[in-house]
Amino acid sequence: MLIIKELYVSIGEKKVINGINLKISPGEIHVIMGPNGSGKSTLASVIAGKKECKVTGGSIYFLNKNLMNLSPEERSHLGIFLSFQNPIEIRGMPIINFIKTSINAIRKAKGMDHMLAKDILTKAKNKSSFLNLEKDFIYRSLNDGFSGGEKKRIEIFQMMMLNPLFSILDEVDSGLDIDAIRIVAKVIDHLKKNMNSTLIITHYNRLLDSIDSDYIMHILYNGKIVKSGNKKLAKKLEKEGYDWIKKIN
Ligand SMILES: Nc1ncnc2c1ncn2[C@@H]1O[C@H](COP(=O)(O)OP(=O)(O)OP(=O)(O)O)[C@@H](O)[C@H]1O
Ligand SMILES: [Mg+2]
């Protein structure tokens, strides 16, 4: 589904990603952990198409399409979803309008008919009650005046509404309460069952412990994947921190 080869990325003068290779197949969950500033959010941004990230080498293919030739919108139409570490606030746009526009833009790109407003509303009500979000939140402006945890829940709500082929969750677990973390884990397990893929960026084991499925774990250090493994590697990091990684690099 996603194939990253020998990727190098700079932001301004700074070389942030220094030769990443990563292959994510349908139905796989990948986890990236790494010290602050190691390049995790930059990797997420470059996949989503943020323009500050300058690709200086290598390639990213999604569904056999070269992402470098596609705008952020075109990438989202292909089924890529990025949940931000710090969700942006857009005033004056009710959440439901934003969702409607996004859903129908994706359907249009796939050559499908518009989804009817009433069907979107029914789906929105189901998903929001699953996420314990207030009934009327969809009429409020996107991310305007919501609490930190609510903003994260809204990101998950958007993900559930769009049902993306590939989701990148950048520190979605920081700021979420324990119940919400379990719900997000359920959503990730559910996406996997449908052969959708998820890339989780996190600093902690809490969300990972709530996920039933297997996952592939990578450690990012100085813009490079320096080790890959399974659940055991996440446990080792939690116990020992990053010192041993620094020593062997
Ligand atoms: N717009 C920018 N201008 C200058 N440097 C930047 C910019 N964006 C990111 N960087 C630098 O790139 C490096 C990687 O940042 P990134 O946000 O990818 O780290 P991260 O691994 O997500 O860290 P964290 O765990 O703290 O979220 C950092 O040293 C950061 O200061
Ligand atoms: Mg980050």
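The values are calculated or read from the model by the stated rules, or taken from the named source; none is laboratory data. Being a predicted model, the structure only gives us computed values, none of them experimental. Glycine gets a Cβ as well: all are built from the backbone with ideal geometry, and neighbour counts include every protein chain shown. Ligands, DNA and RNA are stripped out before the accessible areas are found, and what is left, the full protein with its side chains, is counted by its heavy atoms. Shrake-Rupley method; radii C 1.70, N 1.55, O 1.52, S 1.80 Å.
One residue is enough: does the stretch 28-36 have a residue meeting the conditions under 18 Å from Asp170 (Cα atoms), within 11 Å of ligand 1 (Cβ to nearest atom) and open to solvent by 30 Å² or more (accessible area, probe 1.4 Å)? Yes, there is a match, as at least one residue in the stretch 28-36 is under 18 Å from Asp170 (Cα atoms), within 11 Å of ligand 1 (Cβ to nearest atom) and open to solvent by 30 Å² or more (accessible area, probe 1.4 Å). Looking at Lys54, Lys65, just one residue is within 16 Å of ligand 1 (Cβ to nearest atom) and more than 24 Å from Lys151 (Cα to Cα), and that residue is Lys54. Among the residues making up the stretch 1-27, a single one is of a type in the set (Lys, Arg) and within 7 Å of ligand 1 (Cβ to nearest atom): Lys14.
Kindly provide the set of residues from the stretch 128-173 that are surrounded by fewer than 21 Cβ atoms within 10 Å (Cβ to Cβ) and among the aromatic types (Phe, Trp, Tyr), ordered by number. Passing the criteria: Phe130, Phe137, Tyr139, Phe146. Of all residues in the stretch 222-239, which are open to solvent by less than 90 Å² (accessible area, probe 1.4 Å), more than 17 Å from Ile20 (Cβ to Cβ) and among the charged types (D, E, K, R)? Hits for the stretch 222-239 are Lys231, Lys236.
Among the residues of the stretch 118-127, those identified as surrounded by fewer than 14 Cβ atoms within 10 Å (Cβ to Cβ) and either of a type in the set (D, E, K, R) or not in a helix (DSSP H, G or I) (or both) are Lys118, Asp119, Lys125. Residues in the stretch 37-72 that are within 13 Å of ligand 2 (Cβ to nearest atom) and of a type in the set (S, T, N, Q): 4 in all.
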